[in-house]
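What follows is a single structure, written as structure tokens, with notes after it.
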Amino acid sequence: MNPTRRPRRLRADGVRSLVRETDLSASDLVAPVFVDATADERVPIESMPGHERVPVAEAVPRVEEVLDTGVEAVMVFGIPESKDERGTRAWAEDGVVQAAVRDIAAETDAYVVTDVCLCEYTEHGHCGLIEDEAADDPTLTVRNDETLDLLAKTAVSHAEAGADMVAPSAAMDGMVGAIRTALDDADYDEVPIMSYAAKFASAFYGPFRDAADGAPVFGDRRHYQMDPANGREAMREVALDVKEGADVLMVKPALPYLDVVSAVRREYDHPVAAYNVSGEYAMLHAAAEQGWLDLEEVAFESLLSIKRAGADLILTYFAEDLASRLD
Ligand code: PBG
């Protein structure tokens, strides 16, 4: 019997691109950049081949490298010169992100997003203030409400330095609302918030914690980041951030959570972002190094899949490498 329906007809050269449903362009991508106040030269990040921590003085050249590839937006992470109990360098006027962003905003055309969190700035490596006795008693947790004010101050300090958008990642309840109010009170009502709305407690963040030196010294983040088992809860988290005024809704990580990306896409008309995290990058590199996968092909397929699932924009360490192949 001959088939009467032949989907293969539309897979021939020439027609394939006409019927392609999803495309990827450099303008969909945001490149993470690490600025390190303890470095006086660029330091390669071993678990993330091709990425480096750069000193503040190199922030502009680093961002220019990104722009040269065709990628137009960066996400700035900072490693401070010193850490303390409260993470005070996170909102310091002369802090590492503030200094770098000031230069980047003054000297480049990049669209600058900043990560708003405390884990790189606290001695204990948690994303907020901890209970006094938490180190001895791992059942004690990050103090949610006392942390909100610090995150809000951090976001305002980033906006003051010239950030175009802030991206709170601390996974505290009420974080988006607190930051929105603080930004508005400081006359930054035009600065949008990209909330890490569905942020899972993921082992795929491993390499990032080397890159940004933000691993918790004790315990883990499971009492504030989401349980990877929970898809419906992700929708409740997203609903709260929408209510609190998030402008862009991010799901993180991306590939293991494409069901969540596509559910958020269907449920909301906000822009959806997905964070293709450090572990997603590192594992493809590791396999490619063994000769087991074609790096460029799997990277492209990964990002295309994230878009197909419903993401409008993707934060990815592959941004620069893939940009030349796009557009
Ligand atoms: C800060 C933050 C993390 C990432 C982005 N912002 C680490 C974490 O939550 O543990 C991870 C990014 C990546 O793995 O690429 N809270």
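Read the figures in this text as sums done on the coordinates, not as results from a lab. Please read these numbers as outputs of a predicted model, since none were measured by experiment. Methodologically, a virtual Cβ is constructed for each residue, glycine included, from the backbone with ideal geometry; neighbour enumeration extends over all protein chains shown.
Counting only helical runs of four or more DSSP H residues, what would the 222 nm mean residue ellipticity of the chain come to if each run contributes -39,500 (n - 2.57) and the total is spread over all its residues? Kindly include the intermediate steps, with their values, before the conclusion.
Details: 10 runs with 114 residues, N = 327.
Computed ellipticity for the chain at 222 nm equals -10500 deg cm²/dmol.
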In 10 Å bins starting at zero, report the fraction of Cα pairs in the chain per bin as a rounded %. 6, 26, 36, 22, 6, 3, 1, 0
Most fluctuating residue given options 268, 257, 205, as computed from a GNM of the chain linking Cα atoms under 10 Å: 268
Calculate, for residue 94 and residue 324, the FRET efficiency according to 1/(1 + (r/R0)^6) with r their C-beta to C-beta distance and R0 45 Å; round to the nearest 0.05. 0.80
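Hey, with R₀ at 35 Å, roughly what FRET efficiency would residue 21 and residue 111 work out to, going by the Cβ-Cβ distance, to 0.05?
Numbers: r = 27 Å, r/R0 = 0.76.
It comes out at approximately 0.85.
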Let me check against my output: what whole-number percent is the relative contact order of the chain, with C-alpha pairs under 8 Å and at least 6 apart? 19 percent
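Near residue 211, within a Cβ-to-Cβ distance under 14 Å, what is the net charge of the other residues, with Lys and Arg +1 and Asp and Glu -1?
Numbers: positive: 42, 53, 62, 209; negative: 36, 46, 52, 115, 120, 210, 213, 280.
Here the count lands on -4.
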What nm distance separates the two modelled labels at residue 46 and residue 210, each placed 7 Å from Cα along Cα→Cβ? 0.6 nm
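Working out 0.36 nm times the residue gap between residue 13 and residue 262, then minus their Cα-Cα distance, what length gain in nm do you get to one decimal?
Numbers: separation 249, 0.36 × 249 = 89.64 nm, distance 2.94 nm.
Contour length minus Cα-Cα distance gives 86.7 nm.
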Given points 7 Å out from each Cα along the Cα-Cβ axis, report the residue 286 to residue 84 separation in nanometres with one decimal. 3.8 nm
Least to most buried among 270, 158, by other C-beta atoms within 10 Å and fewest first, runs 270, 158
For the pair residue 1/residue 184, report the inter-label distance in nm, with labels modelled 7 Å from Cα in the Cβ direction. 6.3 nm
